[in-house]
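Nothing in this text is a laboratory measurement; each read-out follows from the coordinates by a stated rule. Keep in mind it's a predicted model, so treat the numbers as computed, not measured. A quick note on method: Cβ atoms are made from the backbone with ideal geometry, for glycine too, and the neighbour counts reach across all protein chains shown.
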Amino acid sequence: MTKNHEVFVKQILRFGVVGGGAFAIDAGILFFLTEYFGIDPLISNIISFTVSVIFNYILSITWVFDVKKDRKKGKDLFVFLFLSVIGLGINQVLMWFFVRFLGIYYMISKVIATFVVMVYNFISRKIYIEK
């Protein structure tokens, strides 16, 4: 295995750990807001997704991706947030489709939507955030 391959595998594993934590936060808040406060799942999804993005940003920049230390943090944050807004849009469309159109339970819909957005997140962040 080459050095680049090893770094890439390590990066994917770290991305998975961070993503798992972000998903736990996202799904937990989604469930809590929907079940205990009676908030519509599509509204709860926006709130939970946003909170998980903050967690994800901090760990992605500090632990997952090889970001140049001399880069401007404001630019990284802007790019990360821009990509995350696109991810939220993808997530919302999928949640709407699965929940409202197909009638799938919102937590199952969340798992499916999260998987799709996870792939998008890794590819887009690797392209636009990593040095």
Using only the alpha-carbon atoms of the chain, report the extent along each of the three principal axes, biggest first, to the nearest angstrom. 47, 34, 22
Stretched fully, the stretch from residue 112 through residue 58 gains (0.36 nm per residue minus C-alpha distance, one decimal, in nm) 17.0 nm
Inter-site label distance for residue 92 and residue 13 at 7 Å from Cα along Cβ, in nm: 3.7 nm
Among 15-23, 35-43, what's the highest-first ranking by average C-beta atoms within 10 angstrom per residue? 15-23, 35-43
Summing +1 per Lys or Arg and -1 per Asp or Glu among the other residues with Cβ less than 13 Å from residue 34's Cβ gives -2
Is it possible to state the helix-based mean residue ellipticity at 222 nm for the chain, with each DSSP H run of 4+ residues giving -39500 (n - 2.57), the sum divided by total residues, to the nearest 500 deg cm²/dmol? What is it? -27500 deg cm²/dmol
Using +1 on the beta carbon of Lys and Arg, -1 on that of Asp and Glu, and nothing else charged, what's the dipole of the chain about the Cα centre, debye to 20? 620 debye
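First measure r as the distance between the Cβ atoms of residue 128 and residue 37, then evaluate 1/(1 + (r/R0)^6) with R0 = 41 Å and state the FRET efficiency to the nearest 0.05.
0.70
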